[in-house]
Amino acid sequence: MKSLPQIVVAIAVLSVVLSIVWTPWIAVVVLGLMCARLLFMVLRQETAAIELLQEPAGVRRTFDDALNIVRVRLKEGEQSLKDRDAEIAQRKQITNAVPDGLFLLDDSGRIVWCNQAALVMHSLDAFRDMGKPIAQLIRSPEFAAYLNDESLPEPVVTSGGRTILFHLERGSAGARLLLTRDVTDRERLDRMRRDFVANVSHELRTPLTVVGGFVETLTDLPLDDDERSRYLQMIATQTTNMRRLVEDLLILARLENDQLPPETAVVDLSHIARDVLADAEALSAGAHTFEANIAPLKISGSANELRSALGNLLSNAVRYTPTGGRISLHVFADAEKNDIAVEVKDSGVGIAPEHLPRLTERFYRVDRSRSRETGGTGLGLAIVKHVAQRHHAKFEIESVVQGASSGEHGSTFRLRFPASAST
Ligand code: ADP
């Protein structure tokens with residue numbers, strides 16, 4: 001629309017032209033009619049604008065005021081649209097940050113919307129799969145049944161190695177919100193916990209049954225002194241085994257829950273090595289030949305943890321090496337690998353390759369009866385693994401099983417501490 005000054009100039013020019021072309025009175029009539037029309041338009045637009053803006057009664061504004069107000073309102077409208085866009089973007093960001101899958105389903109179970117996690121968890125495509133029935137995309141009889149009857153227990157479906165929990169929420173107008181949660185890790189931890197409790201119960205029940213049996217025999221039967229002392233000795237052995245098991249469990253629990261050892265604590269590795277070697281020689285009671293090559297090295301870490309790890313490696317070497325075998329302990333700085341290594345080597349029965357990856361699992365044993373006979377708890381190498389991790393060390397195991405080749409058999413267990421740990 002043209003502005004008011006432009007229209008006034010146009011009328012003035014027109015009046016001059018008309019006075020020249022027509023007689024003045026015709027020009028006056030025509031111009032009068034045009035002015036009246038103009039006045040009518042201005043008044044009508046002003047009233048409409050003011051009505052549109054819903055000004056309170058009694059307030060009169062000019063047409064320019066009204067236009068200014070319209071401009072301000074338009075700007076406010078634009079700003080509120082921008083605010084809404086920002087709010088929508090923020091909500092999208094939040095729903096995409098949720099680790100659970102979220103689907104909005106219509107009353108016939110078609111996908112109206114879903115977040116990023118839902119796409120990834122169920123391998124869906126945002127464009128291809130939108131609007132499709134969810135039961136066609138997530139194929140599971142338990143889920144399909146739950147979709148039709150929400151009173152059924154929430155299904156937990158395992159597919160492609162992942163375990164997913166489904167939960168439906170009713171919305172308005174038949175819409176439903178479907179939440180899908182990946183519970184694979186939670187299930188694995190639950191299973192580990194159950195297995196662990198079952199293992200510990202089993203490990204304790206065996207010696208307890210033996211002790212119970214001997215106590216009954218001692219109580220019920222008339223035994224001579226020799227028999228009595230033999231039975232008491234067996235009870236003492238089983239009690240020692242149970243005490244060892246409980247001690248190892250407590251060590252493991254502490255290793256798993258405690259903070260890392262302080263990096264400033266200096267540990268004399270050679271001192272610890274000599275101590276545990278003396279214990280191993282006592283355990284062997286002359287059944288093995290020992291060899292030691294211990295460099296005077298210090299590292300930062302926990303003396304108790306390192307003593308426990310080396311003690312387990314050496315006691316294993318003694319227990320799994322038949323009489324007459326050789327056991328060596330080597331502590332050295334490996335210039336080639338740029339680290340500090342502690343190596344326990346034996347000429348014992350060795351371990352078949354298929355067992356090696358599982359050796360550090362709790363209660364994993366290659367030879368169950370030998371482990372039990374020699375008072376093993378099945379936790380020694382699990383403790384070594386944890387100590388290694390806490391000291392940023394590598395734990396290496398190499399073994400050649402007896403009879404596998406004509407060469408030397410036996411095992412080597414090695415801890416490699418980073419050179420940065422040396423002090
Ligand atoms: P355990 O208390 O049964 O010895 P560990 O965790 O210390 O438990 O060791 C796990 C298993 O690894 C043992 O049961 C044994 O079968 C095997 N093992 C450990 N050290 C040796 C070794 N030096 N020689 C042969 N087998 C070994």
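The values are calculated or read from the model by the stated rules, or taken from the named source; none is laboratory data. What you see is a predicted model; the values in this text were computed from it and never measured. Counting neighbours? That spans all protein chains shown, and the Cβs are built from the backbone with ideal geometry, glycine included.
So the values come out like this:
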| read-out | value |
| --- | --- |
| Test for E396: is it free of Cβ contacts under 8 Å to residues at least 40 places away in the same chain, within 30 Å of A265 (Cα to Cα) and either surrounded by fewer than 16 Cβ atoms within 10 Å (Cβ to Cβ) or not assigned by TED's automatic domain parsing to the domain that holds I272 (or both) | yes |
| Count - residues of the range 288-309 that are touching a helix residue (DSSP H, G or I) at 6+ places or on another chain (Cβ under 7 Å), within 16 Å of the ligand (Cβ to nearest atom) and without any contact (Cβ under 8 Å) to a residue 60 or more places away in the chain | 3 |
| Candidate set from the range 377-396 (those that are of a type in the set (G, A, S) and near the ligand (Cβ under 9 Å from one of its atoms)); member that is farthest from D339 (Cα to Cα) | G378 |
| Subset of the range 399-423 [within 11 Å of the ligand (Cβ to nearest atom), within 21 Å of L329 (Cβ to Cβ) and not polar (S, T, N, Q)] | V400, H409, G410, F413 |
| Subset tally (residues that are more than 10 Å from the ligand (Cβ to nearest atom) and among the aromatic types (F, W, Y)) for the range 320-376 | 1 |
| Count of residues meeting criterion [buried (at least 18 other Cβ atoms within 10 Å of the Cβ) and part of a loop (DSSP other than H, G, I, E, B)] in the range 370-393 | 6 |
| Close pairs from the range 377-393: first closer than 15 Å to S315 by Cβ, partner more than 13 Å from the ligand (Cβ to nearest atom) and assigned to a helix (DSSP H, G or I), Cβ under 7 Å, at least 6 apart | I383/L255; V387/L255; V387/E305; V387/L306 |
| Helices (runs of 4 or more DSSP H) wholly inside the range 116-164 containing at least 3 residues that are more than 24 Å from N96 (Cα to Cα) | 141-148 |
| Filter result for A317 (aliphatic (A, V, I, L, M) and either more than 8 Å from the ligand (Cβ to nearest atom) or surrounded by fewer than 16 Cβ atoms within 10 Å (Cβ to Cβ) (or both)) | no |
| Within the range 176-207, tally of residues that are in a helix (DSSP H, G or I), touching a residue at least 12 places away in the same chain (Cβ under 8 Å) and over 30 Å from M234 (Cα atoms) | 2 |
| Test for D83: is it touching a helix residue (DSSP H, G or I) at 6+ places or on another chain (Cβ under 8 Å) and of a type outside the set (G, A, S) | no |
| Residue pairs meeting the criteria (Cβ under 6 Å; at least 6 apart or on separate chains; first within 12 Å of L283 (Cα to Cα), in the range 314-326; second more than 10 Å from the ligand (Cβ to nearest atom) and β-branched (V, I, T)) | L314/V276 |
| Within the range 281-343, strands (runs of 3 or more DSSP E) holding 1 or more residues that are over 16 Å from D268 (Cβ atoms) | 289-294, 326-334 |
